[in-house]
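Report on the structure given below.
Each reported figure results from applying straightforward, stated rules to the coordinates on display, with no laboratory input. As the structure is a computational prediction, the values presented were derived from the model and not from experiment. Counting neighbours? That spans all protein chains shown, and the Cβs are built from the backbone with ideal geometry, glycine included.
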Amino acid sequence: MANFDRSNRSFFVRFVNLLLNDATYVLDEGLTKFPAIHDLQEQLKSRSLSQQDRQKKEEELATNESQAQSYMQLANETVAMMKLFTDALSDAFTMPEIVLRLAAMLDYNLDILTGPKSKNLKVENPDKYYFSPRVLLPQLVDIYLNLGSNPAFIEAVAADGRSYKPQNFDATSRILSSRSLKDHSELAAWDELKRKIAVAKSIFDQAEQDLGEIPAEYEDPIMGDIMHDPVVLPSKHIVDRSTIIQHLLSDPKDPYTRQAMTIDDVVPAVELRAEIDKWKAERTAASRAKISNAVAEAMDTTEG
């Protein structure tokens with residue numbers, strides 16, 4: 001973010017965080033209504049329902065339909081806004097404070113739209129609820145593509161252990177192509193992004209394998225991941241800088257004492273960081289040495 005001074009960076013972090021919060025909330029609330037609507041529509045087709053049960057289900061259906069309409073209208077507007085902003089200000093969406101959450105949100109909704117869960121979205125007259133996968137899916141793809149030239153975004157998608165699934169990206173390719181939702185150049189760009197993410201995922205998995213079991217004192221106590229930039233909070237607890245930054249975006253308090261704080265109140269844990277870096281380097285070197293030895297032994301066997 002070389003083009004932004006500190007005050008501008010802080011503004012963009014807050015702005016993008018609020019936009020991401022809105023997108024996450026309205027998409028989740030909207031899309032999760034459709035399985036319930038589908039089930040209720042199917043149940044109401046039964047002639048064996050009593051008048052009382054039918055009335056109850058019709059009221060429940062009307063409530064879910066009204067909520068789906070409201071949330072999907074907001075979701076469509078928010079995703080369209082994210083598409084525009086990620087095109088114009090891509091760097092603001094790939095800051096360390098934001099990029100992991102953004103990647104996880106995109107992967108999660110791509111899974112809902114293209115994974116096994118997508119069959120639960122089928123309802124009668126989807127346009128009634130302002131729900132058009134033919135519009136929503138290409139817009140999500142556009143957001144991926146807008147950010148796809150940034151290594152931090154690619155790494156964040158690859159590191160998403162919850163929702164990143166290569167088969168969802170392949171399914172997206174098939175849907176976009178078969179339904180002519182993207183032109184040839186955009187499909188090629190999507191395939192190239194898939195390749196880059198797959199390479200990053202392979203590297204990420206190898207790095208995890210190299211490290212093996214992480215000592216408890218090197219793990220972030222909130223996220224459970226290895227700390228890359230440990231800092232000491234006013235409460236004297238140690239967490240990764242990225243963790244406390246994300247926490248403070250929505251709750252400006254020390255998570256342990258609930259006392260007001262800002263990111264300026266943390267103190268770098270310099271010695272611990274050096275210790276972690278040394279441990280990672282040693283484990284990685286040991287792993288690579290084992291691989292090299294295995295390759296050398298295989299070569300000897302082949303030549304013999």
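Could you give the distance between the Cα centres of the range 101-115 and the range 247-286, to the whole Å? Using only Cα atoms, the two centres lie 28 Å from each other. For the chain, the longest principal axis of the C-alpha atoms and the axis of helix 270-303 are separated by about 90°.
Pairs over the 25 Å Cα-Cα cut-off, from the set Lys45/Lys117; Lys128/Lys165; Lys253/Lys278; Lys201/Lys253; Lys33/Lys56: Lys128/Lys165; Lys253/Lys278; Lys201/Lys253. With θ taken as phi - 60° and the Karplus curve 6.51 cos²θ - 1.76 cosθ + 1.60 applied, the whole-hertz 3J(HN,Hα) list for the range 140-149 is 5, 4, 4, 5, 4, 5, 4, 9, x, 8 Hz, x standing for glycine and proline.
Of the GluC sites (Glu not before Pro) found in the range 227-284, no site is in coil according to DSSP while having at most 11 other Cβ atoms within 10 Å of its Cβ. Against the chain, whose longest principal axis is taken from its Cα atoms, helix 33-43 shows a tilt of about 40°. The GluC sites (Glu not before Pro) of the range 121-219 that DSSP puts in a loop, and whose beta carbon has at most 16 other beta carbons within 10 Å, are Glu124, Glu213. Where only DSSP H runs of four or more residues are counted, the chain gives -22500 deg cm²/dmol as its mean residue ellipticity at 222 nm, each run worth -39500 (n - 2.57).
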